[in-house]
There are 2 protein chains.
Amino acid sequence: MTDKHCRWAGWGRETDALKLSDRPKLQAYLAETLGGLPPRAEEPPPLESIDAAPSRLSETQLAAVVEIVGDEQVRRDNASRLKFSLGKSYPDLIRARSGRIEPVTDAVVSPADEAQVAAVVEVAARRHLAVVPFGGGTSVVGGVDPRMGSQQAVITLDLSRLNELRIDENSLLIDVGAGAFGPDIEATLSTADLTLGHFPQSFEFSTIGGWVATRGAGQNSTRYGKIEDLVQAVRIVTPQGRIETRNVPASATGPSVLQAMIGSEGTLGVITSVIARVRRRAEATAWRAFLVGDFEVGCRLLRALEQAELPLAVVRLSDAEETRWMSKASEGRPSLVTRLGKWYVQQTMRRRGFESAEVCFLLASFEGSKPTVRLAAAQAQRIAKRFGAIGLGSSPGKGWQQDRFRLPYLRDELIARRLMVDTLETATTWSNLGSLYESVRETLARSMRESGAAGVVMCHVSHLYSSGASLYFTYMAPQVQGQELSQWHTVKQATTSAIVAGGGAISHHHGIGQDHLPLEAEDGPLAVAAMVAAKERLDPDGIMNPGKLFGRPGPE
Amino acid sequence: MTDKHCRWAGWGRETDALKLSDRPKLQAYLAETLGGLPPRAEEPPPLESIDAAPSRLSETQLAAVVEIVGDEQVRRDNASRLKFSLGKSYPDLIRARSGRIEPVTDAVVSPADEAQVAAVVEVAARRHLAVVPFGGGTSVVGGVDPRMGSQQAVITLDLSRLNELRIDENSLLIDVGAGAFGPDIEATLSTADLTLGHFPQSFEFSTIGGWVATRGAGQNSTRYGKIEDLVQAVRIVTPQGRIETRNVPASATGPSVLQAMIGSEGTLGVITSVIARVRRRAEATAWRAFLVGDFEVGCRLLRALEQAELPLAVVRLSDAEETRWMSKASEGRPSLVTRLGKWYVQQTMRRRGFESAEVCFLLASFEGSKPTVRLAAAQAQRIAKRFGAIGLGSSPGKGWQQDRFRLPYLRDELIARRLMVDTLETATTWSNLGSLYESVRETLARSMRESGAAGVVMCHVSHLYSSGASLYFTYMAPQVQGQELSQWHTVKQATTSAIVAGGGAISHHHGIGQDHLPLEAEDGPLAVAAMVAAKERLDPDGIMNPGKLFGRPGPE
């Protein structure tokens, strides 16, 4: 077990955990909006104390796998098997806290290279083993659970040993093993003054193979693109053999095989390495923050900034509720505005007639050469002025940047305070953004109420495109004790339906996994049927990550 | 028959035809490099004089189709059937000139809308008819030939009536019928100060459905992207029903169905409409032209310009041979440099020690806001200086822009002068660009010699990416009379093999059709097998454009 993975029953490293008691303002806000905060739950049971069902791997199956990777690379101890049996979704954390984990993978296998992956997959196909590829294990949609499908047992492939990285500086490309973690990739690239520019919230604990398998996005995607824009080629080991897509910048050679492998979530095969485009690190970055009168004007401002083709990198417009939340949560951190600034802002807000309950916070960064960034920041300022926005300067952005990977730690603490807390995201066109926002927000509020406890809903717009943007919702409510999973499930189902009915993508960057099934809701049953036909050609026995992406909703 | 299509046995409109005798310099250059110019060939036989095999459509089949679209929308006359039986490749033009066309489509059917397309496809599936979707018919890879496969007859679907266009100005999207032609789309968009920015050389005579079906690129793709970057969603009618991909800017919902429909070349179904991203017309455009010492230094300069992230739109680096060609072909057109400029350039070339046989011409345009373009042009000038390039100012670019759609007319004239003339293109990484250029160039020269007549090969680099670029070759040699097709075929096969062996894409923007088969050469047999499984799910009887993309090389 490498310490690059998150700790058991929580996010990241123990030492980075957050305490709500250190943030009295946030605690007060939560108590007020949720009608009181429940008492602290018990600590989750330690990993070592949890029982797991015995491994179903037969002696013959085990021997065949051991022969390939060596005995020490096939872990059968309870702790390893449990750790590789959960992702980091809210239901995963609830299950970890309960100490009742089922199903549990039958072995954690750590191949050294692509050849070993191929040999293991071949053995698995011959010996009726399901295979779950495992990168960082940070899936928030049930993407790494060890479902068995029609097989006899499950092995989880820990890909962290596939982490070699080679740079082609002429072509600004890297050829990198699927199991390389975010920080290691960026550390190597920084020595050559390069960056991949892909910073999902899970960045510190996730791998490039996982990003590609889930078709993810980083927080700077407005500049760098989603992972499907960054990947030039992949190698993938399927039960029927290896596919290596051609390492070319673009082609006109039929349907894109590459774009069929991206987002395949381990159901077609094991992505073993990725050729990805990198960029020279931007010479300059400028942050600008603004307050706008309300969410609707903020959306129009975002659209204007994006459609002016400014070199935006990170962009976020928080709705009024998230703006309130941020002002409480930033306590003890560089505050949104200094005290003097605060006085100025309040004066300006009053003069412009902003309703403080409606005010929204907007954050944008620009990257590029020094003159480009200077030009962009000035142009942004001019555009913002047209929408009556109040400039807050650059410090809120820098503060956000420091805290960008902290939210999942806060989630742990909120769950420890017996709150249901989760996020969900979608994307749609600019024309449809306002109406989708309203309908999802209403559905979240209503479904929380109806499932047992009124909650709070907040949202931001991020990941801009000329044609639209992503909506990212965070919601929380007191847990209904003893019914945590069904409470969550009711809310999840209602909101996914609202997203689909409202014309949004089922997911913009989290993926499908099990929690967003059925996939048919996105492009219709015929499209999925064609994909399933392709999947059956590559994986005729259905050994690859059963139950995900193409599975049916509900228990196995 | 609408006059939006090209004329019979040649490109574009009769009135725009070119005569080599009006360009004595070019004629002299050709005579010199090809060891004399053959005498002019006879004019191709007029369309009306050409016989076609009788339509194989039975009375019942015909009646079923007529019932859907009406009698006048099912053309069975020889002239219509012949015109819709060829694309615009060199072999197509040779066949047209020979007057021996085989196979000929059995009827040209012009549906009014998507519902009629669906009804026709359903009838075709039930009544054993192959269906060839036909947009502008400008395929240069045999994409629209009426192959029958295992069916009883072929109908060609003329999609030109599906040309409605709606604009969503908020989202900078258009929803447009697949049969809309380039000039009509841009004319409508220009009224709203918008542009799609997709200008392939076939622009005037091709449709958006064709661009999407072939995964094409426009000349300004360095800024606007290839068609797969411009398309947000498609609707496609397959024999098993309709697929409509979700109209969202991005998603994380499995393999991309959209990217599987793009490039499908009519083999999965009929693309009926496209939702595409448009942009506000750039406030400013700047052209810059340069001479560089040789091709290798030119490639390095291109790479530096692209990787500096300048807002490049059109970019072309001609090799030494193409540079010579252009200096001859531009006669009577705005010349590359004025007479005074010429003197200056010659002085500078001498001072810098340029070998005039090695000098290469480089053209670049920048688009964006006025300050962005000003900044970019200045930065380009500085970078070019580092590579010893000699600036030629903006007029060569403007001249090129005026002539951008003229080359196919010149091809007609060269064929009339009994020359084999064709183009082919690929793409690769920057690291591999020089070696792929050399190997394809050598293969072209050698295979022309070996197939009967030494020829001339020229090339330009265009369509830049951070990771690489496209190589576009033009070659010509005297025809081997009576063996025109086999002469061409020998050269084509040899160069496609060289491209594949050299690591390039089989095609960067022309597509696969019949001339680039087998598709397996790109991403391998397993990837194609998976695609074929999906194809068989959507088109179980194999009625959709048989023999293309997934077909076998060689005659039906």
Legend entry - Odd one out for B:GLN219, checked against (1) more than 23 Å from A:ASP229 (Cβ to Cβ); (2) more than 14 Å from every other protein chain (Cβ to nearest Cβ); (3) in contact (Cβ under 8 Å) with a residue 40 or more places away in the chain: (1)
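This table checks each residue for (1) of a type in the set (S, T, N, Q); (2) closer than 22 Å to A:SER80 by Cα; (3) over 22 Å from the mean Cα position of the chain (by Cα).
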position	(1), (2), (3)
A:TRP8	no, yes, no
A:PRO24	no, no, yes
A:GLU32	no, no, yes
A:ASP51	no, yes, yes
Legend entry - Flag if B:ASP539 is within 23 Å of B:VAL154 (Cβ to Cβ), surrounded by 19 or more Cβ atoms within 10 Å (Cβ to Cβ) and more than 11 Å from chain A (Cβ to nearest Cβ): no
Inset, instruction - From the list B:PRO44, B:PRO39, pick out the single residue that is part of a loop (DSSP other than H, G, I, E, B), surrounded by 19 or more Cβ atoms within 10 Å (Cβ to Cβ) and not polar (S, T, N, Q). - result: B:PRO44
Inset, instruction - State yes or no: is A:GLU306 within 26 Å of the chain's Cα centre (by Cα), more than 12 Å from every other protein chain (Cβ to nearest Cβ), assigned to a helix (DSSP H, G or I) and not β-branched (Val, Ile, Thr)? - result: no
Legend entry - Failed condition for B:GLY12, given (1) closer than 30 Å to B:PHE134 by Cβ; (2) modelled with pLDDT of 90 or more; (3) surrounded by fewer than 18 Cβ atoms within 10 Å (Cβ to Cβ): (3)
Inset, instruction - Please tell me if A:LEU312 is closer than 30 Å to A:ASP168 by Cβ and either of a type outside the set (Val, Ile, Thr) or surrounded by 15 or more Cβ atoms within 10 Å (Cβ to Cβ) (or both). - result: yes
Inset, instruction - Can you confirm whether segment A:481-496 contains a residue that is facing chain B (nearest Cβ under 8 Å) and in contact (Cβ under 8 Å) with a residue 60 or more places away in the chain? - result: no
Legend entry - Of the criteria (1) of a type outside the set (Gly, Ala, Ser); (2) surrounded by 23 or more Cβ atoms within 10 Å (Cβ to Cβ); (3) more than 8 Å from every other protein chain (Cβ to nearest Cβ); (4) closer than 30 Å to A:THR323 by Cβ, which one A:THR474 fails: (2)
Inset, instruction - Hey, could you check segment A:326-348 for residues that are touching a helix residue (DSSP H, G or I) at 6+ places or on another chain (Cβ under 7 Å) and part of a helix (DSSP H, G or I) and say which is modelled with the highest pLDDT? - result: A:LYS328
Legend entry - Lone qualifier among B:ASP92, B:ASP77 - being surrounded by fewer than 17 Cβ atoms within 10 Å (Cβ to Cβ), under 19 Å from B:CYS6 (Cα atoms) and at pLDDT 95 or above: B:ASP77
Inset, instruction - Collect the residues in segment B:239-280 that are in a strand (DSSP E or B), within 21 Å of A:LEU519 (Cβ to Cβ) and facing chain A (nearest Cβ under 7 Å), keeping them in residue-number order. - result: B:GLY241, B:ILE243, B:GLU244
Legend entry - helices (runs of 4 or more DSSP H) within segment A:357-448 that include 2 or more residues under 23 Å from A:TRP11 (Cβ atoms) and modelled with pLDDT under 95: A:395-403, A:407-416
Inset, instruction - Report the residue count in segment B:360-388 for those that are surrounded by fewer than 23 Cβ atoms within 10 Å (Cβ to Cβ) and of a type outside the set (Ser, Thr, Tyr). - result: 17
Inset, instruction - Inspect all residues belonging to segment B:426-439 and state whether any of them is free of Cβ contacts under 8 Å to residues at least 24 places away in the same chain, at the interface with chain A (Cβ under 7 Å from one of its Cβ atoms) and among the acidic types (Asp, Glu). - result: no
Legend entry - strands (runs of 3 or more DSSP E) (entirely within segment B:129-237) containing at least 2 residues that are among the hydrophobic types (A, V, I, L, M, F, W, C) and surrounded by fewer than 24 Cβ atoms within 10 Å (Cβ to Cβ): B:165-168
Legend entry - Criterion (more than 19 Å from the chain's Cα centre (by Cα) and within 14 Å of chain B (Cβ to nearest Cβ)) met by exactly one of A:ALA469, A:ALA534: A:ALA534
Inset, instruction - Return a yes/no flag: does segment B:380-394 have any residue that is in contact (Cβ under 8 Å) with a residue 40 or more places away in the chain, within 14 Å of chain A (Cβ to nearest Cβ), in contact with a helix residue (DSSP H, G or I) (Cβ under 9 Å, 6 or more places away or on another chain) and of a type in the set (A, V, I, L, M). - result: yes
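The values are calculated or read from the model by the stated rules, or taken from the named source; none is laboratory data. Quick caveat, the model's predicted, so the values are computed rather than measured. Note: ideal-geometry Cβ built from the backbone for every residue, glycine included; neighbour counts use all protein chains shown.
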